[in-house]
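Participant: Can you read through this structure? Questions will come right after.
Just so it is clear, none of the values below were taken in a lab; they were calculated from the coordinates. None of these values were measured; they are calculated from a predicted model. Quick reminder, even Gly has a Cβ in these numbers, built from the backbone with ideal geometry, and neighbours come from all protein chains shown.
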Ligand code: MN
């Protein structure tokens, strides 16, 4: 028989084995359709393209997925790679299948450009959030698994890219969904390409021990089986050695040898009831000495992804420790296939649970993972399917998280205020859209700008959702339209004054105006008008602030008039003027809040910038240098560029004393660190993990290996102050292999 057809029949048989009533006509039709559509395409390994969709469907059948998922698996590359349309697929195989295929296509189109950690987190969230139907993710995971299984035919560059993506995006998602079997295989395949040497080393060591392993496990298994049957516990026992990726994580970062890994060997005992789980545990502990502190009861306290089992580690006869996992068949299904176990075909057509209920289950599962501790997920992915965030792409493939309900205006301002201010149009998924268009997960948003744009209009403030955009628009009106704002503000303010029974002339008298302005917290009337004009202040508020002071002034004037009356009797009328009786107006005290946090020779809010060479943060001793065009440049006192010995005599006057203010607006300071370490596999990952544990914002991080076996990791991060930075440095110091952690030298 034709080998392709043979593979199809194997698939059909597999499907019938768990779903005897399956509509094989439809399955065959999908196979035929995909086969004819892909007929001219070949895979890199030289086989006809259809072998790929067939293999993906086969993995879906291993997960016992429903018919619609299987059809979608067979058709998953049709929209992307052939002339098939969604409509055509819908007409032949139904709307649901077409939706699934389109969902997978969308995921395939995503470009995983330069992914910083923050980006990846967003991306994982988005992948989950954009698919109301979780089966899209399941099919996509199967697609990726097959691609990884056949990765040897790809170029080294592609191998590395896809493996990284799998490790960072898809394996964590499989883990989240509790799909252990998929997760382990994805991780093992990825690490093989990401660290071929490390992988090979473990593989060789495992192979060298293979026969000893097998004997040990088989003997132990036999002994336990005999005892279980003596005690009347019906069970199935399987044995395995740990996955290479899990060994990798124990060996390299923790500097353990293969023999020091406790759970290298594992036995799994599957029993019929929960009671038998505990009975079996008792027997194991009776037969073998348990290792203290290794018993875990995930039956009474399931893992966040739904995993249940009893774990214990015991010492075998040969003195070799081995792990035992004990669970029921039901727990086993969930442990191996996670969410897919809940999705598999149930007799009677659709999912027996009903779609909404099944979906609710997914949502709860994902929500319950939000408090998961750092050990479980160092990257602390937080997924909330109904979150108040929406995730969209820039044309370059970067992911942006915005408040749900955001429009292209929010998107533009989230990139840069200049982009928002120069926006003249917006495209979503390649099509021009009105500004009030609400963005959806996965949209690709492109902003058209022009240098001659007129700038934002006032109603944009009502069309945007984020405070960021609103503030930036307000900021623009404040700066760009001062003259216009003053005119608008003035008329609004005068009207409000009038309603309160005052005129502008009354309050403009030189002896009272400064007092009123101080109450309103502005320096000049124009400033006040401008603020009202751009919306930073309302005229009603301004008048209210002044009213109290006007009353006070009136009272003082009455008292002064009374004093004058009194003086009148002494006949010195001419020498007294009402106005002079007002108390002298003190000059306003200097503002006590400094924007940047730096005070230059006693002056707050000088124009300062932080030198890039040494990137000081609050708490560092600092000095300032008056630059020729751009305010005062702030250096750390120990920066080589400010060394007093190297200062030029003609610049002597430009060095100024600076200090940190206690009251500052700026809360975050960018600075740099350099980690010098002995190079080893996973050094980079460990450094990243410890930064993540320190909960600081990392802007960029990259590493450079030197030929002599050392590596330098450069980190650009944001901290509040020196104290926080020191905490980070201490954390990094504890990463194994790290020799020094120093402040960046520019
Ligand atoms: Mn594919």
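Participant: Find the Rg to Rh ratio for the range 436-513, where Rh is the Kirkwood radius over alpha-carbon pairs and Rg uses the same atoms.
Facilitator: Ratio of gyration radius to Kirkwood radius: 1.18.
Participant: Show me 319-328, 135-144 ranked by packing, highest mean number of other Cβ atoms within 10 Å first.
Facilitator: Descending mean neighbour count gives 135-144, 319-328.
Participant: Next up: How far apart, in nm, are the 7 Å Cα→Cβ label points at residue 440 and residue 238?
Facilitator: 4.0 nm
Participant: Determine one quarter of the surface area of the Cα convex hull of the range 171-211, which equals its mean projected area, and express it in nm² to one decimal.
Facilitator: 3.3 nm²
Participant: Which residues does the label zone of residue 432 cover in the range 438-476, counting backbone N under 20 Å from a point 7 Å along Cα→Cβ?
Facilitator: What the label zone holds, given the 20 Å backbone N cut-off, is 438-439, 444-457, 460.
Participant: For the range 481-551, state the average projected area of the convex hull of the C-alpha atoms over all orientations, rounded to one decimal in nm².
Facilitator: 4.0 nm²
Participant: Where does each of 457-463, 60-66 land if you order them by average Cβ count within 10 Å, highest first?
Facilitator: 60-66, 457-463
Participant: What spacing in nm lies between the two simple spin-label points modelled at residue 83 and residue 521, each 7 Å away from Cα in the Cβ direction?
Facilitator: 6.8 nm
Participant: Using every Cα-Cα pair within the range 622-719, state what percent have a distance larger than 23 Å.
Facilitator: When all Cα pairs of the range 622-719 are counted, 49 percent exceed 23 Å.
Participant: Okay, moving on. Wrap a convex hull around the Cα atoms of the range 669-743, take a quarter of its surface area, and give that in square nanometres.
Facilitator: 4.2 nm²
Participant: Which value results for Rg/Rh of the range 6-90 when Rg is the Cα radius of gyration and Rh the Kirkwood radius based on the inverse mean 1/r?
Facilitator: 0.96
Participant: For the range 204-337, state what percent of all Cα-Cα pairs lands in each successive 10 Å bin, counting from 0 Å until the bin that includes the largest distance.
Facilitator: Histogram of Cα-Cα distances, whole percents per bin: 12, 43, 35, 10, 0.
Participant: Across the range 3-179, what fraction of all alpha-carbon pairs, as a whole percent, falls in each successive 10 Å bin from zero upward?
Facilitator: 10, 38, 37, 14, 1
Participant: Between residue 218 and residue 703, with labels modelled 7 Å along Cα→Cβ, what's the label distance in nm to one decimal, could you check?
Facilitator: 4.1 nm
Participant: Restricting everything to alpha-carbon atoms, can you work out Rg to Rh for the range 598-660 with a Kirkwood hydrodynamic radius?
Facilitator: Reported Rg/Rh (Cα atoms, Kirkwood Rh): 0.92.
Participant: Which peptide among 222-228, 76-82 comes first, and what is the full order, when sorted by highest mean count of other Cβ atoms within 10 Å?
Facilitator: Ranked from most to least packed, the peptides come out as 76-82, 222-228.
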